Each structure stands twice: as C-alpha cells, then as structure tokens.
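Bear in mind these aren't lab numbers, they're just calculated from the coordinates by the rules spelled out. As the structure is a prediction and not an experimental result, all values here were calculated from the model. Cβ sites come from the backbone with ideal geometry, for glycine too, and all protein chains shown count toward neighbours.
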C-alpha cells in the first residue's frame with residue numbers, strides 16, 4: 001500500500017525522525033490557513049506547496065491545465081493561495097506517471113521552508129531502505145547527491161551511490177549508521193545528527209512494516225539539523241493485519257479502478273499493457289501462464305489470481321474486470337484443479353458467461369487436475385464461444401489462433 005508524502009512523514013515522526021513540518025489542504029483557503037499556523041509572521045515567510053500524488057518527480061512535473069510545477073516554493077499568504085489554486089484539481093504529469101496520463105491532484109502539502117541561511121553549508125542527500133530479495137537482507141542505499149536529479153546520479157556517476165546491507169534479525173548497528181553518514185560526506189554536528197536520523201529511520205522502516213522507505217532529499221540545514229524534506233513509503237500488504245489503523249490511509253483515488261474493484265472481490269489483480277486477459281488460480285501458475293502467452297505471440301493484459309476456491313462468483317467477477325480493459329483481444333482461463341474440481345470451474349465459466357451476456361472476445365479455458373476431462377466436456381457442449389484445452393501447449397496454440 002502506497003502512502004502520500006504527508007502520511008509517511010507523520011508516521012516516521014513518531015519514531016523520532018525529524019521532518020519538514022507542514023499540513024495538507026484541499027482548497028486554496030485551507031492552504032492559507034495551514035500557512036498561518038506554520039509561522040507567527042507568515043506574510044514574510046517562504047513556503048513550499050507540494051502536490052500529493054502517488055508518483056515521484058513532482059518537482060519537475062507539470063500540471064497540464066495551468067503549467068504549474070508540482071512542487072513550488074513561494075512567499076506570502078496570497079502567493080500560497082494562488083499556487084495552491086493552480087495545482088489543486090489539475091492533472092500532474094511526471095516522468096513516473098506519464099504513461100497513464102498523470103494523476104489528478106486532490107490535496108497539497110503546505111510545508112515550512114528549510115533553506116534558510118546559517119553558519120554552515122546546506123546540503124541535499126539521498127537515503128532509502130528496502131528489502132534485497134537476493135540476500136534476504138535490508139539494504140540502505142545512500143548518496144551525497146540527493147534531490148531531483150538522483151536518477152541521473154545513478155546513471156552517470158554510480159560511484160556516488162553507496163549501499164549497506166542490514167540483517168533484519170539483528171537490526172542496524174551504530175557502526176553501520178556512522179559508515180553510511182561518513183560515506184555521504186557528513187561531518188561534525190551534521191554527521192552526529194545524520195547518524196541519529198539513519199538509526200531512527202531504520203526503526204521506522206521495521207516498526208511500520210514498510211517494504212520501501214525513501215527520503216529524498218535528506219536535508220542538512222544551515223544550522224546542521226538533518227530532516228526529511230520528502231518521504232516516499234509503501235507498506236507491505238501482507239503485514240497490514242498488524243496495523244488496522246492504516247486502512248484509513250489508503251487513497252483509492254490514486255489506485256487503478258480495476259485493481260480497487262478486484263480487491264473488493266478478494267481477487268489479486270494487476271493491470272498490464274498487453275492484449276490477452278489472464279485468469280488463473282495460483283501466483284506461480286499465473287506467472288507461467290503469462291510466459292506462455294508471450295511465447296504464443298501475445299502480451300499479457302493482466303495478472304489475475306482468483307485463488308484456490310475459484311467459485312462461479314469469483315470467475316464471473318474476474319471476467320467482468322478483464323473485459324473492462326479495451327485492449328483485451330482474447331482471454332485465457334488456466335485453472336489447476338487441486339483444491340477445486342475442474343468440472344466445478346467449468347460450470348462456473350458457463351454460468352458466468354451466461355450472466356454477463358454477449359462476450360465479443362475469444363475465451364480459451366485450460367483445465368488440468370481433478371475431473372479435467374469432465375470439465376472440458378462441459379465447456380465443449382455448452383454451445384458458447386469458449387474453447388477448451390488440456391495441455392499448456394494446446395492452450396498456447398489456441399491463444400495464438402485467437403490472436404491471428
């Protein structure tokens with residue numbers, strides 16, 4: 001589950017991680033009120049207005065309707081109102097969401113200015129924590145070159161990216177935090193505060209069951225404070241049962257409508273860019289089915305796991321979701337009858353087809369396992385535009401034929 005910046009900041013603050021203070025607003029009027037509360041004399045102060053969407057690159061992104069950037073530094077209350085008005089309700093397109101046409105902005109974060117003058121230099125760093133599945137350890141990725149150009153740093157100067165692996169059973173050790181801070185070039189009081197920041201951030205990562213936690217920039221102010229100016233976080237969905245209060249943090253407006261609909265029906269669905277809909281029971285079989293689709297000349301349009309039970313209701317809901325994708329030119333149903341009998345699945349397919357009505361794309365149903373032959377017979381004798389298959393090779397041939 002992805003979180004907005006303001007939500008993630010509020011969570012890591014509870015673990016002692018210093019953040020750039022601010023609050024969200026849904027209207028220009030609310031934005032002004034938030035700004036008033038940040039400073040005793042807000043008229044002479046600088047503020048940062050940030051669009052809240054589930055996509056990175058907001059600082060370089062553009063609101064289509066107004067031309068405003070997604071992150072704007074501005075001065076005074078009137079300007080806060082004007083900037084918020086240009087961002088709210090608009091469609092922000094960034095390098096990370098341009099493929100879907102951008103995200104509509106429903107909220108903005110009004111935050112304090114951290115770039116004030118002082119006795120020492122200010123600096124932007126990059127810091128992230130995630131699971132390295134190859135090693136089974138958490139990895140902290142850091143760089144002395146944080147900010148909006150971190151992707152260019154990774155591409156052109158990878159030597160400026162440092163990594164430190166943490167055994168989750170042991171947790172981060174003090175020497176590792178000091179090593180990371182030193183590797184980023186932090187010195188003196190900034191180094192001391194940076195070490196504390198890193199230690200507390202890792203505690204937040206573990207305590208919140210995050211699967212990705214990114215601070216960019218991790219900012220050292222002119223008076224050597226180290227704060228999270230931005231925060232991107234996603235929570236491991238398998239751990240949400242430990243955090244029932246997180247349910248209210250989910251923003252359905254930021255998620256794919258079909259994925260939201262599938263989730264409500266307890267279906268595991270991920271939309272892809274291909275032309276063959278895929279309905280399978282079991283994640284491993286789903287991955288194998290997508291490979292088979294590619295080998296037959298098609299491209300998978302989705303990942304859809306209906307689960308081991310695969311009832312008529314779940315099959316019907318799966319069909320309805322897949323058919324809402326206009327790119328789908330054929331549907332492959334690949335079911336292994338271990339927990340569920342193939343004849344039951346076949347009856348579910350026939351029932352779902354009749355309930356939905358006319359389906360204008362070819363459907364290939366491959367059934368294997370308990371009562372597979374009976375299931376194929378039910379499909380073949382249904383009189384519907386559904387083709388049965390027993391083997392993977394046969395199913396692949398049917399998919400290729402349907403696309404030709």
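Take the Cβ atoms of residue 247 and residue 381, set R0 to 51 Å, and the FRET efficiency comes out at 0.65. The Cα trace of region 71-125 gives Rg and Dmax of 14.8, 45 Å, the first to one decimal, the second as a whole number. Between residue 313 and residue 169, the contour length at 0.36 nm per residue exceeds the alpha carbon distance by 47.6 nm. For region 123-246, what log10 I(q)/I(0) values come out of the Debye formula at q = 0.12, 0.14 1/Å, with one point per alpha carbon and no solvent? The Debye formula, applied to the Cα set alone, gives -0.43, -0.58.
One entry in (i) -0.35, -0.69, -0.99; (ii) -0.41, -0.80, -1.14; (iii) -0.56, -0.90, -1.07 is log10 I(q)/I(0) by the Debye sum over Cα atoms at q = 0.08, 0.11, 0.13 Å⁻¹ calculated from the shown coordinates; its label is (iii). Just to be sure I understand the model, the point goes 7 Å from the Cα along the line to the Cβ. What's the resulting residue 73 to residue 354 distance in nm? For the pair residue 73/residue 354, the computed spacing is 6.8 nm. Counting only alpha carbon atoms, the long axis of helix 77-87 and the longest principal axis of the chain meet at about 20°. At full extension, residue 272 and residue 393 could sit 41.2 nm farther apart than now, given 0.36 nm per residue minus the alpha carbon distance.
Bin width 5 Å, alpha-carbon pairs only: give the P(r) of region 257-403 as whole percents, running from 0 to the bin holding the largest distance. Per 5 Å bin, starting at zero, the Cα-Cα P(r) for region 257-403 comes out as 2, 11, 23, 26, 23, 12, 2, 0 percent. Highest average first, the peptides 352-364, 214-226 ordered by how many other beta carbon atoms sit within 10 Å of their residues are 214-226, 352-364. Note on residue 291 and residue 196: with the Förster distance fixed at 45 Å, the Cβ-Cβ geometry gives a FRET efficiency of about 0.45.
Please state the shape class of region 57-150: rounded when a/c is under 1.5, otherwise prolate if a/b exceeds b/c and oblate if not, all from the C-alpha gyration tensor. Since a/c reaches 1.5 but b/c is at least a/b, the shape of region 57-150 is classed as oblate. For region 330-404, a Kirkwood hydrodynamic radius built from all Cα pairs, placed in the Stokes-Einstein relation at 37 °C and 0.692 mPa s, yields a translational diffusion coefficient of 270 µm²/s. Relative contact order of region 65-217, taken over Cα pairs closer than 8 Å and 6 or more residues apart, is 20 percent. In summary, the convex hull built on the alpha carbon positions of region 187-345 has an orientation-averaged projected area of 13.2 nm². Net length available on complete extension from residue 212 to residue 263 is 16.2 nm, with 0.36 nm assigned per residue and the Cα-Cα distance removed. Remark: C-alpha extents of region 21-112 on the principal axes read 43, 20, 17 Å, sorted largest to smallest.
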